[in-house]
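The values are calculated or read from the model by the stated rules, or taken from the named source; none is laboratory data. It should be emphasised that the depicted structure is a prediction, and the values quoted were computed from it without experimental measurement. Because the Cβ atoms are built from the backbone with ideal geometry, glycine has one as well, and the counts that use them run over all protein chains shown. Keep in mind that these areas ignore ligands, DNA and RNA; they rest on the heavy atoms of the full protein, side chains included. Shrake-Rupley method; radii C 1.70, N 1.55, O 1.52, S 1.80 Å.
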Amino acid sequence: MMTGRKMRRFQLGSVNNYLVLRRIFGGMALAWSLALIGCAGTVKHQGPAPTGAEQKVQGLSKLSLALSPKAQADLESNKGFNQEELTRRIQDRLQAKGLVTQGVNQYVDVVVNDVRVRSAFTAIMFGFMAGDDHIKGRVRLMTESQQELRAFDVSASYAFGGLAGGQDGTRMKWLYDKFSELVLQELEKLVVPAGGSVSRTVTPSRIPSSAAPTQQLPPSPGVSTAVLPPSSANAAAASVSGVGTSTMIVLPPATPADKVLDNPTIAHRYHLYLSRPKPKAFAVSDSGAWWMAWGESLNPTVKETVPQRALRGCQERSQTPCVLYAVDDKVVYGQGAEGKR
């Protein structure tokens, strides 16, 4: 039989175990809550949200991305934001889904109206206690005659910090990817690739726009225009124009180099590669293998160029031949001997 002393010890042990389990599960709940708060992306439609059953338009002719006057004025204190990189991320997703079509009547207009980027020191040392990084903007599906077919607001925020989550590359990559992911997610409810099934063209009467008047951005001749280069030689005829802070791109059809990034793993690693310092090189293979190299070799006895190191690293992980995808910031994939150095 259990004596009174043993009974008290048993009861005390049970209480202690309960308290330990409560702390563990409480900590897990807190961590989950912080994860939900730390990374977030939202979409708010101007009018009824699309269900995907609406009539859709065929293809998009171009992408226009601009900064509002407020966002432009705030750039001085948010130097980590790269307008060209955000534009490229959206462009890559549109091309990967086959939504790029020349000669159609509609395009996408994006206006970034709020940007905040914490300094690396602040993000690493204070994390979410220093607030979040975020990109907010309005996306409009427009006709060439400036009719607004649809409008929705997109917001992406990131509040993590520390050595793992506070680095500039980690934070900005997540923001660019999340913002562009939400843009594509909503556009796929409204747009099909050229040749896709569509019963009729979307009109403003079919898809209501915001009742509020659209803000027109004034020209800013004192601000230089950042224009993304075409992704390949086939895009040389692409029409590119910019006024003030806007970036206007007539998107070319997807090229073999673009299709390499259909592999999500390679696309993710290539986006990381873009933030690496020069000299650098990125190699890929048809089997899905990849490798990147940059800077000086850590082994002084190895006499290899950076492209040679990238090719060797890729080949060690691939059963099929590797070729160079990019050298520094130039895509060389599919350019003959230059892509096989």
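From the P(r) of the stretch 65-112, could you give the percentage of C-alpha pairs in the tail past 15 Å?
54
Obtain the nm distance between the two label points defined at residue 49 and residue 79 by a simple spin-label model: each point lies 7 Å from its Cα along the Cα-to-C-beta direction.
So the two model labels end up 3.9 nm from each other.
Could you report the stretch 46-96's accessible area per residue, 1.4 Å probe, as an integer in Å²?
On a per-residue basis, 40 Å².
Which value, in Å² and to the nearest 10, is the accessible area of residue 322 when all protein chains are kept and the probe is 1.4 Å?
Near enough 20 Å² of accessible area.
Round to the nearest 0.05 the FRET efficiency obtained for residue 153 and residue 265 when R0 = 30 Å and r is the Cβ-Cβ distance.
It comes to 0.45.
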